1. Out of all the residues in segment 304-327, is one or more touching a Pro at 6+ places or on another chain (Cβ under 7 Å) and surrounded by 14 or more Cβ atoms within 10 Å (Cβ to Cβ)?
2. How many of the residues making up segment 201-239 are touching a strand residue (DSSP E or B) at 6+ places or on another chain (Cβ under 7 Å) and either surrounded by fewer than 18 Cβ atoms within 10 Å (Cβ to Cβ) or under 30 Å from Lys305 (Cα atoms) (or both)?
3. Inside segment 393-424, can you point out the residues that are within 17 Å of Ser357 (Cβ to Cβ) and under 40 Å from the mean Cα position of the chain (by Cα)?
4. If the Cβ limit is 9 Å and pairs must be 6+ apart or interchain, which residue in segment 110-130 that is outside the structural domain of Lys186 (by TED's automatic domain parsing) and more than 21 Å from Ala62 (Cβ to Cβ) pairs with which residue that is surrounded by fewer than 16 Cβ atoms within 10 Å (Cβ to Cβ) and hydrophobic (A, V, I, L, M, F, W, C)?
5. Failed condition for Gln298, given (1) assigned to a strand (DSSP E or B); (2) assigned by TED's automatic domain parsing to the domain that holds Glu424, with all others met?
6. Taking the residues in segment 181-198 that are touching a residue at least 24 places away in the same chain (Cβ under 8 Å) and not in a helix (DSSP H, G or I) as candidates, determine which candidate is surrounded by the most Cβ atoms within 10 Å (Cβ to Cβ).
7. Kindly check whether there is at least one residue in segment 271-279 that is modelled with pLDDT of 95 or more, surrounded by fewer than 17 Cβ atoms within 10 Å (Cβ to Cβ) and not in a strand (DSSP E or B).
Amino acid sequence: MAGMTLCSVCERQVRGKAKVEGGASTSTVDGATTTAAAAAASEACALCFGTLNPQFVARVAADVGRAVKNDFYDVKDFVLSLNMPVSLILREEIVKMRDDLGFAGTLASVPFRIRAIDAYIGALYEATGLRPTKCSNLNLTITFCNDEFLKPDCDFLLDHFPDEFIMPAKKMRLAEPPPIESLLTKVKVLSIASRLQADVAKKFNFETPTNNCVSSFELSRDPIFLAGRYCKFSRNLPQSPWTADDHAGSGIVGGSVSEQVCQFLKQKSLADVTRFTASGREDIDVRMLGEGRPFAVQLVNPRKKLPEWSTIEQEINRTFNDIRVSFLRQVTRAEADILKIGEEEKRKTYTALCYSSKRVDPVMLAALQNKAPLELKQKTPVRVLKRRPLIERPRNIFQMHALPIDDHHFQLRLTTQAGTYVKEFVHGDFGRTRPSLADLIDPESEVDILELDVEMVDLEWPPGNITAQQPVPNGLAK
């Protein structure tokens, strides 16, 4: 094996500080002479690839410092992760197996990852003013890339450990199977290291890199999950942004509940992305009343802490006239995921203004109460067939009350299983919902729904919210 060219930092870690400072102007590592000039060219180190070079460390730290300043993170500390080239990790494992190098330094007992972190944390603290720690919601990941030796390293391991490089059958069937180098991962190297013997390690050629490492970094703060409820008072506001197809012929452009809530939170937190989730959805022409519909928002990489929840609620409610947000609080990721669990087991209460082509019979309306609970068979409605599969779903009506308003209008109050298409239950959707309200009142009559409001979504939300979910009486929908 040809000798290794080591930087001054790695030389100390291999030979030990005492030997390096013992006065020798040159040093030999496996027959290689390391002069002062070679040590100065420390970005050409065959062991660390220059990542421990103090000048290189200072440049990386300065880049991170500028990013922290420009991104306005309101934190005092961070967690550091270093992502090293796979070739560097392989060399670390091979060097540890060499019994002919006469280790006297820290490399024999301290992993490279620890030594590298120790080299960077001081410079990063000086450049950013942030304290490195083991527990923080700001994560700094620095990635170093140098693929110069990926193929020779792979060839070396393939010669001595061919069983570790068996291409999976699925990849072999591809028109262009991936290169064998794609199988050389950090996990693979560590797996091979447990089987590595000294005689094999001595055959490895520690070539000196001709290309410097390229560094990149990512700053990311742990996501924030918020839970709350929203009310929607407009019949021209969708829950989520509409697509081009949705807009076609509608005359409604822009604006939605999720956009209004998320844009406000994004502006306050300086998050990269916001993700809005709700327990079901109402149509654009349906109001959401009562205590509101449960929702959750994920703030990805927020740079600023949010104000008090009550302050956020007040600001949102002052800013937008068509929505009201309440019960806002922070939850965990696991709690936010609860929102989509057991969707069809939830119950929802509706109030609808209905029209009958025939004269309303108060006696028949009163009799509706006794026909619940009632199971429906609902095929996918015609109005949503373009985005939903055609299937038949069983749905339940748990409670049903109707009050006459005049000869042709009445108010209907329903408690249903979540996922019930209430509009289709009222008018029948060309016989696709059986039975329909029209069937129950008078098969000869045409019944349609004029206005619909959701008054309650029966779900304890946010988690731990002890406020009873009682519908707010709104009277007849206007």
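1. First, pick out the residues of segment 304-327 that are touching a Pro at 6+ places or on another chain (Cβ under 7 Å): 327.
Subset that is surrounded by 14 or more Cβ atoms within 10 Å (Cβ to Cβ): 327.
So far as segment 304-327 goes, yes, one or more of its residues are touching a Pro at 6+ places or on another chain (Cβ under 7 Å) and surrounded by 14 or more Cβ atoms within 10 Å (Cβ to Cβ).
2. Within segment 201-239, the subset touching a strand residue (DSSP E or B) at 6+ places or on another chain (Cβ under 7 Å) is 213-221, 223-233, 235, 239.
If we keep only those that are either surrounded by fewer than 18 Cβ atoms within 10 Å (Cβ to Cβ) or under 30 Å from Lys305 (Cα atoms) (or both) as well, we get 214-221, 223-233, 235, 239.
Selection size over segment 201-239: 21.
3. Once the filter is applied, which keeps residues that are within 17 Å of Ser357 (Cβ to Cβ) and under 40 Å from the mean Cα position of the chain (by Cα), segment 393-424 yields only Lys423.
4. Once the first residue is outside the structural domain of Lys186 (by TED's automatic domain parsing) and more than 21 Å from Ala62 (Cβ to Cβ) and sits in segment 110-130, no partner that is surrounded by fewer than 16 Cβ atoms within 10 Å (Cβ to Cβ) and hydrophobic (A, V, I, L, M, F, W, C) comes close enough.
5. Exception for Gln298: condition (2).
6. Ranking the candidates gives Leu184 first.
7. Checked against the condition, which is being modelled with pLDDT of 95 or more, surrounded by fewer than 17 Cβ atoms within 10 Å (Cβ to Cβ) and not in a strand (DSSP E or B), segment 271-279 yields at least one hit.
Each row is one residue, and each column tells you yes or no for (1) at pLDDT below 90; (2) hydroxyl-bearing (Ser, Thr, Tyr); (3) in a helix (DSSP H, G or I); (4) over 17 Å from Arg115 (Cβ atoms).
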residue: Thr33; (1), (2), (3), (4): yes, yes, no, yes
residue: Leu47; (1), (2), (3), (4): yes, no, no, no
residue: Ala62; (1), (2), (3), (4): no, no, yes, yes
residue: Arg66; (1), (2), (3), (4): no, no, yes, yes
residue: Lys69; (1), (2), (3), (4): no, no, yes, yes
residue: Tyr73; (1), (2), (3), (4): no, yes, no, yes
residue: Leu80; (1), (2), (3), (4): no, no, no, no
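The values are calculated or read from the model by the stated rules, or taken from the named source; none is laboratory data. Quantities reported herein were computed from a predicted structural model and do not represent experimental measurements. So basically every Cβ, Gly included, is an ideal-geometry build from the backbone, and we count neighbours across all protein chains shown.
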